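Everything on this sheet refers to the single structure shown next.
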Amino acid sequence: MQSTIRCLTAVLALTLLALPARAAEREELTLVLDWFLNPDHAPIVIAQERGFFADAGLEVTLQEPADPSNPPKLVATGKADLAVSYQPNLHMQIDQGLPLVRVGTLVATPLNTVITLQDSQIDSLADLEGKTVGYSVGGFEETMLQVMLTEAGIDPNSVEMVNVNFALSQSLLSGRVDAIVGGFRNFEVNQLALEGAEARVFYPEAHGVPAYDELIFIAHRDRVDDARLRRFLNAIERGTQYLINHPEKSWDIFREDRPDVQNALNERAFPDTIPRFALRPAALDTARYQQFATFLAQHDTIDEVPPVTQYAVELPPLNASATP
């Protein structure tokens, strides 16, 4: 009996000793978000909280940027391993010479929209002629609106663009502008509803703009051979699968010990965002990226259309030696 107890005690001691060793063996990886934590990042949080990153041998540190323009710069200068960014922005950053590459997809559909209020006199995009449209960030949003207006048969120059910084919903509710461009269909629509206003939404992919990935994971071009990146994406895929299978439980996990996300807007946005996540984060639709780059060049948003292989890759599956 004493021999059995001694044996069990020894096994327990060895197990306890092994636990911190395994933790120490995890490789660190820094991920910079595109903005403050919100439901767009749910697969990342689920992968963290459910231990999927740990299973992949990773210790992932999440950082919220002080400035949303910083994440690509941090990756480009080697100060972060990965960042959440936007496909339209990536094309423009490549055009500017930044050494970035898309390695995965987080949100696989556009979220961007043009929004007016249901009780306005704007029933179609053509009704925006002579009106004001608020925006937060120039560049792609301006191109998107111009294409949508042209497709509706009106001159984009007949619409006045007003920079409202990040007060999109507030500027629309206050009557400062007649419409907004850049409002997300999972956030601003819900934000307006919480204020008692019903949104009328115009989707870019239904009005002349090719479909694209809204949120992507970007890395430095020289680091695409880093096995940590594929392990990270495998964990994100597990997180997405868990979200789809357990949406209510996932919301509980997402909000637990995070008072900043515990509000009515995030609670409404969370289920609306789940269908938008990439089911295969590592997969790359090369033809779609080529089509979108060509679209941006045709509308003078970028100067050249480089080969997709220069700025977007599908990382190969892990081999046995690369698995933690």
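The values are calculated or read from the model by the stated rules, or taken from the named source; none is laboratory data. Model, not experiment: these values are computed from the prediction. Positions of Cβ are generated from backbone atoms using ideal geometry, with glycine treated the same way; all protein chains shown enter the neighbour counts. Keep in mind that these areas ignore ligands, DNA and RNA; they rest on the heavy atoms of the full protein, side chains included. Shrake-Rupley method; radii C 1.70, N 1.55, O 1.52, S 1.80 Å.
Report the gain in length on full extension from Glu49 to Gln298: 0.36 nm times residue separation, minus Cα-Cα distance, nm rounded to one decimal.
Result: 85.3 nm gained on full extension.
From the square roots a ≥ b ≥ c of the eigenvalues of the alpha-carbon gyration tensor of the stretch 74-181, which class results: rounded (a/c under 1.5), prolate (a/b over b/c), or oblate?
In terms of gyration-tensor shape, prolate.
Distance in nm between label sites at Ala167 and Leu62, each 7 Å beyond Cα in the beta-carbon direction?
Roughly 2.9 nm, to one decimal.
Rg to Rh for the stretch 186-324: what is it, with Cα atoms only and Rh by Kirkwood?
Across the stretch 186-324, the Cα-based Rg/Rh ratio is 1.02.
Would you mind working out the accessible area per residue for the stretch 214-324, using a 1.4 Å probe, and quoting it in Å²?
Per residue, the stretch 214-324 has an accessible area of 54 Å².
Can you give the Rg/Rh ratio of the stretch 119-260, where Rg is from the C-alpha atoms and Rh is the Kirkwood radius?
Looking at the stretch 119-260, the ratio lands at 1.06.
Taking the Cα-to-Cβ direction at Thr150 and at Gln291 and moving 7 Å from each Cα, how far apart do the two end points lie in nm?
1.8 nm
Which value in deg cm²/dmol, rounded to the nearest 500, describes the helix-derived mean residue ellipticity at 222 nm for the chain, given -39,500 (n - 2.57) per DSSP H run of n ≥ 4 and division by the residue count?
Mean residue ellipticity, 222 nm, calculated: -12000 deg cm²/dmol.
Order 250-256, 88-94 from most to least packed using the mean count of other Cβ atoms within 10 Å.
With the highest mean Cβ count within 10 Å placed first, the list reads 88-94, 250-256.
Answer rounded, prolate or oblate for the stretch 244-324, using the Cα gyration tensor with square roots of eigenvalues a ≥ b ≥ c: rounded when a/c is under 1.5, else prolate when a/b is larger than b/c, else oblate.
Oblate.
What are the ³J(HN,Hα) couplings of the stretch 283-289, residue after residue, when phi is run through the Karplus curve with 6.51, -1.76, 1.60 and θ = phi - 60°? Round to Hz, x for glycine and proline.
Here the 3J(HN,Hα) series is 5, 10, 9, 4, 5, 5, 5 Hz.
How would you rank 71-82, 119-130, 232-243, 279-290, highest first, on the average number of other Cβ atoms within 10 Å across their residues?
Descending mean neighbour count gives 232-243, 71-82, 279-290, 119-130.
Using +1 on the beta carbon of Lys and Arg, -1 on that of Asp and Glu, and nothing else charged, what's the dipole of the chain about the Cα centre, debye to 20?
1420 debye
Non-local amide H neighbours of Val159 (under 5 Å, H modeled in plane, Pro and chain starts lacking H): which ones?
Amide H neighbours of Val159, under 5 Å, 5+ apart: Gly130.
Among [x] 20.3; [y] 21.4; [z] 20.9, which one is Kirkwood radius over Cα pairs in Å computed from these coordinates?
Answer by label: [y].
Kindly state, to the nearest 0.05, the FRET efficiency for Asp252 paired with Arg26, given R0 = 30 Å and r defined as their beta-carbon distance.
With a Förster radius of 30 Å, E is 0.70.
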